Ligand SMILES: Nc1ncnc2c1ncn2[C@@H]1O[C@H](COP(=O)(O)OP(=O)(O)OP(=O)(O)O)[C@@H](O)[C@H]1O
Ligand SMILES: [Mg+2]
């Protein structure tokens, strides 16, 4: 059985959806079979991935449609059970059912064996749907901005979880988001967070405007600008959580990001110069040192389990899976 991961925080606008998109896309690139579930009526997940699903979670929860019939493929290894504003109408209907806190858990059960990870993007309050998401979850990931009020919010969320699930042990990670290392307050509060929650706190995701630009175009940061700070930080998060979840790259990796068609009809913009060194550099076994197109030097980075080589001159790009086959 795969893991069901709820990505949640009671606060809005703190990077939940951005974290869901890039954690999921990174795991899918490593070869995991991933299903994204949106329980937020804003429907941001599908928009961020640049897709327009025909069917949504509303039909599953309210009309009793088969969940397998309402999934939309978003990328290789990555499907979505999308939401839209109709979901607002689902809450009062669900709340009248005797088993209302566990409806989502029950509808996901038949497809759970098909996925390594089912990742749920929660809205910013403890609604009927978010309670369903937390009840369905085997694992909880908590993104949080590094500000005084948001740190209090993490404490509040953990006590709500305690009330709902009887313990906090399903919390697997607290992910500092929108982190600005130039402000002393953010650096000090990150230390406070680590002091309070220890190893649960992952490396932070720094502020990077490329992340909002990517989602406005319906592309992941790995597709849009794989050498940006956002790509580097989310790739590191994918590696940290893969280790915690004991997931290694599989023998069925997804197609390379540059094989994913641009969803808005325009060609992918040329990657800009890296702001800083990538997470991991080193010689790739299959990647030559010079560009096979123009002979220029190849830049290298490791993103979401892939060793990627780029030519800044002619835009050549190639990648290979870092790890071997999964046993
Ligand atoms: N690390 C980052 N750097 C810069 N912008 C970011 C970063 N993370 C998220 N954003 C931007 O911040 C905004 C809010 O992010 P996101 O939608 O992921 O938050 P959310 O918690 O899901 O919000 P909501 O509660 O409304 O669902 C978006 O415009 C997103 O592109
Ligand atoms: Mg969101």
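Just so it is clear, none of the values below were taken in a lab; they were calculated from the coordinates. Because the structure is a prediction, the values reported are computed rather than measured. Quick reminder, even Gly has a Cβ in these numbers, built from the backbone with ideal geometry, and neighbours come from all protein chains shown.
DSSP finds beta bridges in the range 3-244, and of those with both partners inside it, around 10 percent are antiparallel. Computed over Cα pairs, the Kirkwood radius of the range 3-244 leads via Stokes-Einstein (1.002 mPa s, 20 °C) to a diffusion coefficient of 120 µm² per second. By the beta-carbon count within 10 Å of each Cβ, the least crowded to most crowded order of 27, 36, fewest first, is 27, 36. The modelled label-to-label distance between residue 86 and residue 248, using points 7 Å beyond Cα along the C-beta direction, is 4.4 nm.
The mean sequence separation of alpha-carbon pairs under 8 Å and at least six residues apart, normalised by the residue count of the range 49-89, gives a relative contact order of 40 percent. Each of residue 62 and residue 114 was given a label point 7 Å from its Cα along the Cα-to-Cβ line. The distance between the two points is 2.3 nm. Exposure proxy for 201, 142: other Cβ atoms within 10 Å of each Cβ, ordered fewest to most, give 201, 142. Treating r as the C-beta distance of residue 185 and residue 313 and R0 as 25 Å, the FRET efficiency rounds to 0.05. Expressed to the nearest 5 percent, the antiparallel share of DSSP beta bridges inside the range 1-125 is 20 percent.
Between residue 149 and residue 96, full extension at 0.36 nm per residue minus the direct alpha carbon distance yields a gain of 15.7 nm.
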